[in-house]
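Undergrad: I'd like to ask you about the structure that follows.
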Amino acid sequence: MLQLRDVTKTFGTVTAVNTVNFEIDTPQVVGIIGRSGAGKSTLLRIMNRMTGATNGQIIVNGEDVLALRGREKMEWQRNCAMIFQQFNLVPRLDVLTNVILGRLNQQSVLRSSLRFFSKEERHEALTLLDRFGVAATALQRAETLSGGQQQRVAICRAMMQQPSFILADEPIASLDPLNARLVMEALHRINRDEKITVVCNLHTLDTARTYCDRVIGMRAGRVVFDGLPELLTDQTAREIYGAEADEAFEGSITSTSLGNAPKPDRAAMVGAH
Ligand SMILES: Nc1ncnc2c1ncn2[C@@H]1O[C@H](COP(=O)(O)OP(=O)(O)OP(=O)(O)O)[C@@H](O)[C@H]1O
Ligand SMILES: [Mg+2]
């Protein structure tokens, strides 16, 4: 489904991403963890083609998406929607328009600048807003929403792209615990209901353990752990995080701490569905 082969990115003398190899063959929620500067954002940006790789391939359906140009590259970018820590909505546009832009960005620039939307597009956007609990904000300017609401709108915009992959770069790093939970639950639900693969950079270990089917640990650009969250022992986590370990164990949305804290109940956190 998606296979990274020797993906590498250097910035001058810094190797931000160093011969990364992994494969995702079923729709799952993959958490990428690692200390600051480990290369997590660079890796997601390479996947989405926002940043070029220095070396390597990303094979999707038999094709190297890093080699695509023009329309095909844009089509890949539609297919792997990005979500950012700072939401990246257009602040002065209303929520509904922000969501519909997820669809129009792939089409005519003219049509999006004229803001010509079909009835179906409006209906689809409203249905998404309703599904993620923010329909009441549809006509407000995006800048008037709380962070948690904005991130759910950003998820709706991503869904308007009808992607197969959602790449989320620290989507909850700016949110309070309740909103962090709502956003992670939304991403988890999208994976389960729509079979969309979610690749999510995360700051805290407990979030990765709670919501992810698989965790990839990066250190200095390399993958140093790739496996089930259950296999991520505290010792392994310390190897991934090094000196930043204690920070990673804190501020988690389940408030468990390192050591003998019980492992969060993933099923209970995400709700049965
Ligand atoms: N545009 C750039 N120019 C030069 N160096 C860069 C650039 N982008 C990233 N780097 C470097 O690449 C390395 C990886 O950065 P990256 O942002 O991917 O890390 P990260 O794991 O996302 O960190 P954080 O948790 O702080 O977001 C860092 O050393 C960073 O300074
Ligand atoms: Mg980052």
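All of the numbers you see were taken from the coordinates with simple rules; none came from a lab. Only a predicted model underlies this, so the values are computations on that prediction, with no experimental measurement involved. FYI the Cβ positions are ideal-geometry reconstructions off the backbone, even for glycines, and counts take in every protein chain you see.
Undergrad: Using the Karplus equation 6.51 cos²θ - 1.76 cosθ + 1.60 (θ = phi - 60°), what ³J(HN,Hα) coupling, rounded to whole Hz, does each residue of the range 77-93 give in order, writing x for Gly and Pro?
TA: Calculated HN-Hα couplings, in order: 5, 5, 6, 10, 5, 9, 10, 10, 4, 9, 6, 6, 7, 8, x, 8, 8 Hz.
Undergrad: Ala67 to Thr13: extension gain in nm, 0.36 nm per residue of separation minus the Cα-Cα distance?
TA: 17.0 nm
Undergrad: For the range 32-47, in order, what is each residue's ³J(HN,Hα) by Karplus, 6.51 cos²θ - 1.76 cosθ + 1.60 with θ = phi - 60°, in whole Hz (x at glycine and Pro)?
TA: My calculation for the range 32-47 gives 10, 10, x, 5, 4, x, 5, x, 5, 5, 4, 4, 5, 5, 5, 4 Hz in order.
Undergrad: Moving on to the next point. Go through 11-19, 24-32 and give me the packing order, highest mean Cβ count within 10 Å leading.
TA: 24-32, 11-19
Undergrad: Output ³J(HN,Hα) for the range 143-155: one whole-Hz value per residue in order, computed from phi by the Karplus curve 6.51 cos²θ - 1.76 cosθ + 1.60 with θ = phi - 60°, and x for Gly and Pro.
TA: These are the phi-based 3J(HN,Hα) values: 5, 8, 8, 5, x, x, 5, 4, 5, 5, 5, 4, 5 Hz.
Undergrad: With a cap of 10 neighbouring Cβ atoms within 10 Å, and only residues DSSP puts in a loop, list the trypsin sites (Lys or Arg not before Pro) found in the range 61-90.
TA: Taking the range 61-90 and a limit of 10 other Cβ atoms within 10 Å, the loop trypsin sites (Lys or Arg not before Pro) found are Arg69.
Undergrad: Sticking with this one: Using modelled backbone amide H atoms (1.01 Å from N, in-plane), which distant-in-sequence or interchain residues come within less than 5 Å of Ala168's amide H?
TA: Ile83, Val199, Cys200, Asn201
Undergrad: Let me ask you something else. Using DSSP to define loop residues, name the trypsin sites (Lys or Arg not before Pro) in the range 148-246 whose beta-carbon has at most 14 other beta-carbon atoms within 10 Å.
TA: Lys195
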